[in-house]
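One structure is given here, and the rest of the page talks about it.
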């Protein structure tokens, strides 16, 4: 089976089967430092009455105001709200922020993510794949050249794909993780066609993705 045919088969299996989802962590809150209160100035002394040939007593000087404490702000924790797959489909904003996962094989890499809104709605999922003859690294990958594929399920049992033989896509990977904890991210655009025939195509613009290898 040709690589792009294997890719399409894998994409269909993912988008039609749905994806497991994890919860994205929330952004940390920075603390604020408190300034110290200034000191109270001292009251001037009362001048003494002059004696015979004596001089007038000198008034006391005011006390120095206290300097404010320098409170340091706490550093917030690293945000993970930008992990996932994000795109625009016409007027619809797609934000798949659950279960964002990257993989890297010998000649292919994938990013997948889903969104179920805590199980209160039918799941959405998307998978992006890039292929190369050899090790995968940053670069531009196109469906028309057999170097990329996109699968999207806006709900369970409904799938759209772009591959070498149908639809179109361009994926620009700015970084490709290889080991656990490393990040794969980049941007993409695509025209997706229904995987089971019938219905209108979907045009994806402003796409971006970011996920860690587990």
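Every number here is computed from the coordinates shown, using simple stated rules; none is lab data. Because the structure is predicted, anything quoted here is derived from the model rather than measured. When we count neighbours, we look across all protein chains shown, and the Cβ atoms used for this are built from the backbone with ideal geometry, even at glycine.
Please go through the stretch 89-104 and pick out each residue that is at positive phi and not in a strand (DSSP E or B).
90
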- [ ] Could you please find all residues in the stretch 144-156 being over 18 Å from residue 94 (Cβ atoms) and touching a helix residue (DSSP H, G or I) at 6+ places or on another chain (Cβ under 8 Å)?
- [x] 146
- [ ] Go over the candidates 184, 203 one by one and state the one that is within 15 Å of residue 104 (Cβ to Cβ), in a strand (DSSP E or B) and either out of contact with any strand residue (DSSP E or B) (no Cβ under 7 Å at 6 or more places or on another chain) or in contact (Cβ under 8 Å) with a residue 40 or more places away in the chain (or both).
- [x] 184
Open item on the list: Checking the structure you have, find out if any residue of the stretch 191-199 is part of a loop (DSSP other than H, G, I, E, B), in contact (Cβ under 8 Å) with a residue 12 or more places away in the chain and more than 16 Å from residue 114 (Cβ to Cβ).
Closed with: yes
